[in-house]
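For reference, the structure discussed in these notes is given below.
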Amino acid sequence: MEPIRVCKILKQVLQSLREAHFHGAAHRDIKPVNIMVFSHMGEHDRVKVLDFGIARVTDADIQATMQTDVGQLLGTLPYMSP
């Protein structure tokens, strides 16, 4: 892929993650298969970030009911941070 195209796609991915963080959600499983690139109404390389299935919510009321157990691994191993 051309570097300019990669930058356009990556910028949209980061904007989506920023918006999710603003609303109190951390994706926790970002990987290529969870990034959909598509065309819409003649505009190419539009991006949607998918699969917030294991997202962590930072809202205290919701978080109290959604705890990850100590030592529990969630995500896709090759894409997890060390």
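Out of the range 1-45, which residues are closer than 21 Å to residue 56 by Cα, in a loop (DSSP other than H, G, I, E, B) and among the acidic types (Asp, Glu)? Matches in the range 1-45: 29 only. Take the conditions β-branched (Val, Ile, Thr), open to solvent by 100 Å² or more (accessible area, probe 1.4 Å), closer than 23 Å to residue 8 by Cβ and modelled with pLDDT of 60 or more and apply them to residue 37. Does it pass? Judged against the criteria, residue 37 is not a match.
What number of residues within the range 24-59 satisfy the criterion of being small (Gly, Ala, Ser) and more than 11 Å from the chain's Cα centre (by Cα)?
Of all residues in the range 24-59, those small (Gly, Ala, Ser) come to 24-26, 39, 42, 53, 55.
Imposing the further condition that a residue be more than 11 Å from the chain's Cα centre (by Cα) reduces the set to 24, 39, 42.
Going through the range 24-59 one residue at a time, the tally reaches 3.
Can you tell me which residue within the range 15-34, out of those that are within 20 Å of residue 5 (Cα to Cα) and hydrophobic (A, V, I, L, M, F, W, C), is least open to solvent (accessible area, probe 1.4 Å)? So, considering only residues that are within 20 Å of residue 5 (Cα to Cα) and hydrophobic (A, V, I, L, M, F, W, C), the one least open to solvent (accessible area, probe 1.4 Å) is 17.
The values are calculated or read from the model by the stated rules, or taken from the named source; none is laboratory data. Here the structure is a predicted model, which is why all the values come from computation and not from measurement. Here Cβ is always computed from backbone atoms with ideal geometry, including for glycine, and neighbour counts include all displayed protein chains. When the accessible area is computed, the model is the full protein with side chains, heavy atoms only, and any ligands, DNA or RNA have been set aside. Shrake-Rupley method; radii C 1.70, N 1.55, O 1.52, S 1.80 Å.
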